[in-house]
Structures are given as C-alpha cells and as structure tokens.
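*Asks:* Dropping a structure here in structure tokens format, bear with me for questions.
The values are calculated or read from the model by the stated rules, or taken from the named source; none is laboratory data. Only a predicted model underlies this, so the values are computations on that prediction, with no experimental measurement involved. All Cβ positions, glycine included, derive from the backbone under ideal geometry; neighbour counts span all protein chains shown. The accessibility values were calculated without ligands, DNA or RNA, using every heavy atom of the protein model including side chains. Shrake-Rupley method; radii C 1.70, N 1.55, O 1.52, S 1.80 Å.
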Amino acid sequence: MFKNLGETFEPTYKEKLWMYDPRTEVGKKRMKKQKELLERFLPIKRGKALDIGCGMGISTFALEDLGFEVIGIDVQEELVEEAKKIAEELGYKAEFRIMDARKLDFPDESFDLVALLGNPLPHLSIYDFDKIVQEAFRVLKPNGILFLEYADWVRLLHDGYKHVLVEDPFISFHVSLNTVKGQVERLFINLEKGYFFRVKINVWAPWIVEFILRKAGFNVETHYLGTFNVVTVGVKP
C-alpha cells in the first residue's frame, strides 16, 4: 500500500538535497553551468546582485565567483539557514535572507543585477512572476539587468514530456493539463519507500516571460539553449 502525501514539492527536495548542495559533485556541476551561462550572456561583470530563489546557495556562489557582491533570498527558512552555514564553511561573503520576492525589502535602485537561476519558474504562477518582475524593476538601477534561466514548458509538453520519466528515486508522469490555469499536474512515485505525491507545475514559454518583462518596462533579449533551456535578459532603461 502506497502512502499519499498529497500535493507538495517537498519530497523532491528532501530526497534530492544533493542536487541543491554546492558541496556535492552534482552541485559543483550545476554551479559551473550557471557560471558559464552568466559569463556568456550577462552584459555586466561586476556590481551588487540579488539572487532570487537562492536555495542552498549554488546560484549565489556562482555570482560571487564572477565578482558580484550578492544577497541571496528564499522563502524556505531551512534552505537559507543551510546556505549561511555553507557560505561560512566555504569562505563566501554572500548574505542570505528569508524574503518574499513579491515584496522585496530593499530601497529603489539598490542593485545592478537581479537573477533567477536554476529554472524556478515552474513554482511560480504568472501573477506571482508579474509581481516579482515589477519588484525587480523597482530595485534595479538604471541600465540594471534582470537575468532569467528557465525551461520552455510548452515545447517540453509538445515534444512528449507526458511520458514516464525515471528521476531517481522517483518515477513520474503527467496526469492532467489545465489550459485555463496554465498548469500540468505530475504524479511522482517512490517505489522504494512506498509513497506518492502530485505537484502542479506552472507552464512557461519565452513569449509569456517576454510579455511580462516588457510590460514592466524592460528591454528584452532571449536566447535558446539546446532543446528546452532558455535564457532571457531584461535591461532596465
């Protein structure tokens, strides 16, 4: 008998903390990839940066390695506290705070860069993202940069992402698509521990991201990487 954990992302974090830890081999590879993306597409190389959705610090440390003075924020207190410990252990100077990106506790024109790295958009509704972009525009200096790394979910679905995936320790597959709300529901099963749960994933595509950024006032440039990965850069005039 399998235990139903309901609708939650939490098991994907608990079972795969090694993916988000900058000290693991996987974490080091993710940090290297993010630094390569930033070096390739980021038009500025120095300044004060805000890392939204910092998790355990992979993206924050990537930005610091490139020369930025960084503040990382996240709504998950346990991840922020862990990031602080890891920063001290590894000798990073980045600051970490628990904060809702929809209501940033910073003055206007505080940052040269606001970054959302590691594909955080599936966790955000279009309404939440709209508020985050407006706040990013507010706290960025003139000519400041909003840097987004994400996946083109419309293309993913079109190309067969409904098929069963093996994502150790889970197998997972889509069970529904809500075109009114712009969400897919995916079922995850942990065969070893005998539980399952569902997550609702918000569907994103570059034209949606670009619209929200342009509406806020950004000049926008989008880069397609590989099959599904996308980088969109917004510049505040």
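*Asks:* Out of the total accessible area of the chain (probe 1.4 Å, heavy atoms of protein only), what percent is carbon and sulfur? Kindly include the intermediate steps, with their values, before the conclusion.
*Replies:* On the way: 6340 of 12160 Å².
Looking at the chain in its full context, I get 52 percent from C and S.
*Asks:* Looking at the chain only, what percent of DSSP beta bridges run antiparallel? Nearest 5 please.
*Replies:* Values: 32 of 53 bridges.
Among the beta bridges of the chain, antiparallel pairing accounts for roughly 60 percent.
*Asks:* What are the residues whose amide H is under 5 Å from the amide H of Leu140, where those residues sit 5 or more places off or on another chain and H is modelled from the backbone?
*Replies:* Correct list: Glu109, Ser110, Phe111.
*Asks:* Could you state the accessible area per residue of the chain in Å², with a 1.4 Å probe and every protein chain left in place? Walk me through the numbers on the way to the answer.
*Replies:* On the way: 12160 Å² over 237 residues.
That works out to 51 Å² for each residue.
*Asks:* Can you run phi through the Karplus equation (6.51, -1.76, 1.60; θ = phi - 60°) for region 121-135 and list ³J(HN,Hα) in whole Hz, with x for Gly and Pro?
*Replies:* Coupling constants for region 121-135: 4, x, 7, 10, 6, 4, 6, 5, 5, 4, 5, 5, 5, 4, 5 Hz.
*Asks:* Between helix 77-90 and the chain, what is the angle of the helix's C-alpha long axis to the longest principal axis, kept within 0 to 90° and rounded to the nearest 10?
*Replies:* Between helix and principal axis, roughly 60 degrees.
*Asks:* Can you work out the FRET efficiency for the pair Arg214 and Glu77, with r the C-beta to C-beta distance and R0 = 35 Å, to the nearest 0.05? Display every interim value, and only then the final one.
*Replies:* Numbers: r = 34 Å, r/R0 = 0.97.
Step by step, r from the Cβ atoms, then E = 0.55.
*Asks:* For His123 and Asn4, compute 0.36 nm times the residue count separating them, minus their Cα-Cα distance, and round to one decimal in nm.
*Replies:* Details: separation 119, 0.36 × 119 = 42.84 nm, distance 2.09 nm.
Full extension from His123 to Asn4 adds 40.8 nm.
*Asks:* Might you report the magnitude of the Cβ-based charge dipole of the chain about its Cα centre, with Lys and Arg at +1 and Asp and Glu at -1, to the nearest 20 debye? If you can, show how the numbers build up before the last one.
*Replies:* Numbers: 33 positive and 36 negative charges, 93 e Å.
Roughly 440 debye, rounded to the nearest 20.
*Asks:* Net charge near Phe228, counting Lys/Arg +1 and Asp/Glu -1 over other residues with Cβ under 10 Å of its Cβ? The partial results should precede the final answer.
*Replies:* Values: positive: Arg155; negative: Asp152, Asp159.
Net charge in that neighbourhood comes out at -1.
*Asks:* Once a ≥ b ≥ c are taken as the square roots of the eigenvalues of the Cα gyration tensor of region 91-139, is the result rounded (a/c under 1.5), prolate (a/b larger than b/c) or oblate (a/b not larger than b/c)? The partial results should precede the final answer.
*Replies:* On the way: a/c = 1.91, a/b = 1.24, b/c = 1.54.
Verdict is oblate for region 91-139.
*Asks:* Still on this structure, I have one more. Report the extension gain between Lys193 and Lys141 in nm, rounded to one decimal, defined as 0.36 nm multiplied by the number of residues separating them, less their alpha carbon distance. Could you put the intermediate results ahead of the total?
*Replies:* On the way: separation 52, 0.36 × 52 = 18.72 nm, distance 4.91 nm.
Value of the extension gain: 13.8 nm.
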